[in-house]
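> The structure follows.
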Amino acid sequence: SRIVTVAAAQLGPIELAHSRAEVVDRLLALMRQAAGMSCDIVVFPELALTTFFPRWFMAEQAEIDRFFEREMPGPETQPLFDEAARLGIGFYLGYAELAEEGGRTRRFNTSILVDKQGRIVGKYRKIHLPGHAEHEPWRAFQHLEKRYFETGDLGFPVWDAFGGVMGMCICNDRRWPETYRVMGLQGVEMIMLGYNTPVHNPPAPEHDALSLHHNTLVMQAGAYQNATWVVGVAKAGNEAGVPMIGGTQIIAPSGETVAMCATTNDELAVARCDLDLCTSYKESVFNFDRHRQPAAYGLITAR
Ligand code: ING
């Protein structure tokens with residue numbers, strides 16, 4: 001067996017008034033708790049350093065850019081890397097990335113995978129950006145990820161780390177089967193993801209009562225259909241007056257949830273994840289080489 005002990009580190013609300021230093025202190029507390037439970041890795045939510053700012057329309061780029069990190073680690077996040085290395089624990093961190101690349105400024109909804117020495121071993125930029133690009137005042141709150149971020153340009157890579165094949169995605173990505181399958185085709189054994197999911201979805205309020213069901217459904221399906229562990233971590237609770245779901249959980253390749261948070265506050269859900277559990281599914285029902293028929297799937301990439 002290849003055990004990776006994982007802490008899903010759910011965050012409760014982060015308000016506009018909370019400084020990055022205050023948030024980093026909360027992340028450090030969860031990281032220390034995880035290390036105290038002999039965890040190898042701690043997974044934080046999407047955009048874990050600030051409030052979920054796409055809920056507001058902002059006209060000024062300077063105002064928007066206050067929510068972005070120009071360097072990672074930067075002065076305010078360096079303590080996370082130092083403490084991780086001191087404790088010998090890795091982490092997944094979601095944040096808003098502002099990068100000067102190809103002679104222009106790029107803005108992404110990003111996550112990084114950091115190893116036990118505090119080194120960044122992988123980076124992912126969110127591909128499925130939900131919501132809308134223009135101010136839509138009819139909505140109780142905005143969801144302007146299509147305005148504030150570019151579509152991720154790194155694909156869905158996987159990395160050899162923590163003794164297995166690790167992958168990442170972010171929030172809305174988890175609703176799309178292609179996300180898991182592209183990593184499944186690369187032999188992924190654990191997919192880590194963070195999310196900020198409002199209970200209320202203005203275009204489809206009839207779905208609201210099912211928001212926790214849909215959250216669990218898509219991650220359990222993705223895990224089982226690709227014979228991988230899935231770790232889904234919420235920024236939860238009533239943030240700036242907008243209730244967001246919890247539902248943080250760790251899911252085995254069987255599709256079973258093996259650990260779950262019980263609150264919508266800062267809380268750890270911990271599980272010992274045996275990566276070898278992937279094998280029994282990868283070598284039988286989801287033996288892709290033996291059973292898949294890619295010649296029949298052309299529509300998936302054609303459209
Ligand atoms: N949030 C939500 C998510 O995909 C959403 C957006 C909410 C989509 C409700 C559909 C229904 O979980 C982010 N940040 O993608």
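> Could you tell me which of 62, 36, 158 has its Cα farthest along the dipole of the chain towards the positive end, charges placed at Cβ (Lys, Arg +1; Asp, Glu -1), taken about the Cα centre?
Checking the options against the dipole of the chain, the answer is 158.
> Next up: I need the shape label for region 3-286. Rule: rounded when a/c is under 1.5, else prolate if a/b > b/c, else oblate, with a, b, c from the alpha carbon gyration tensor. Please list the in-between numbers first.
Details: a/c = 1.45, a/b = 1.23, b/c = 1.18.
The shape class here is rounded.
> Could you point to the residue in 121, 109, 190 farthest towards the positive end of the chain's charge dipole, with +1 and -1 charges on the Cβ of Lys/Arg and Asp/Glu respectively?
Selected residue: 190.
> Within 13 Å, Cβ to Cβ, of residue 251, how many net charges do the neighbouring residues add up to if Lys/Arg are +1 and Asp/Glu are -1? Could you put the intermediate results ahead of the total?
Values: positive: 174; negative: 189, 256.
Local net charge: -1.
> So which GluC sites (Glu not before Pro) in region 1-102 pass both tests, a DSSP loop state and at most 16 other Cβ atoms within 10 Å of the Cβ? Intermediate results must be reported in sequence, preceding the final value.
Details: sites: 15, 22, 46, 60, 63, 69, 71, 76, 83, 97, 100, 101; in loops: 15, 46, 60, 71, 76.
Of the GluC sites (Glu not before Pro), the ones in loops of region 1-102 whose Cβ has at most 16 other Cβ atoms within 10 Å are 15, 60, 71, 76.
> Kindly provide the helix-only [θ] at 222 nm of the chain, computed as the sum of -39,500 (n - 2.57) over DSSP H runs of four or more divided by all residues, to the nearest 500 deg cm²/dmol?
-6500 deg cm²/dmol
> For residue 25, what is the net charge nearby, where nearby means another residue's Cβ is under 14 Å from its Cβ and Lys, Arg count +1, Asp, Glu -1?
On the way: positive: 20, 26, 32; negative: 22, 76, 82, 83, 266.
Spelling it out: positives minus negatives among the neighbours equals -2.
> Also, quick follow-up: Lys/Arg Cβ at +1, Asp/Glu Cβ at -1, dipole of the chain taken about the Cα centre: which of 27, 240, 226 is farthest positive-ward?
Checking the options against the dipole of the chain, the answer is 226.
> Also: Collect residues whose amide H, placed 1.01 Å from N in the peptide plane, falls under 5 Å from the amide H of residue 161; neighbours closer than 5 in sequence don't count.
Amide H to amide H, under 5 Å and 5 or more residues apart or across chains, residue 161 pairs with 166.
> Now a separate question. In square nanometres, what is the average projected area of the Cα convex hull of region 93-153? Walk me through the numbers before you get to the answer.
On the way: hull surface 21.3 nm².
Average projection, Cα convex hull of region 93-153: 5.3 nm².
> Moving on to the next point. About the Cα centre of the chain, what is the dipole size in debye to 20, counting +1 per Lys and Arg Cβ and -1 per Asp and Glu Cβ, all else neutral? Please report the intermediate quantities before stating the final value.
On the way: 28 positive and 36 negative charges, 111 e Å.
Approximately 540 debye in magnitude.
> So what's the net charge close to residue 237: Lys and Arg +1, Asp and Glu -1, counting the other residues with Cβ under 12 Å from its Cβ? Working shown, then result.
Working: positive: 235; negative: 15, 239, 266, 267.
That sum, taken over residues with Cβ under 12 Å, equals -3.
> Can you give me the Cα centroid spacing of region 270-292 and region 37-89 in angstrom?
Result: 32 Å between the Cα centres.
> Give me the percent of DSSP beta bridges within region 3-286 that run antiparallel, rounded to the nearest 5. Don't jump to the answer; show the numbers that get you there.
Values: 38 of 57 bridges.
Roughly 65 percent of the beta bridges in region 3-286 run antiparallel, per DSSP.
> For region 1-141, just the Cα set please: Rg and Dmax, both in angstrom.
16.2, 53
No value in this document is a laboratory result; all are computed from the given coordinates. Bear in mind the structure is a predicted one, so any value in this text is a computation, not a measurement. Here Cβ is always computed from backbone atoms with ideal geometry, including for glycine, and neighbour counts include all displayed protein chains.
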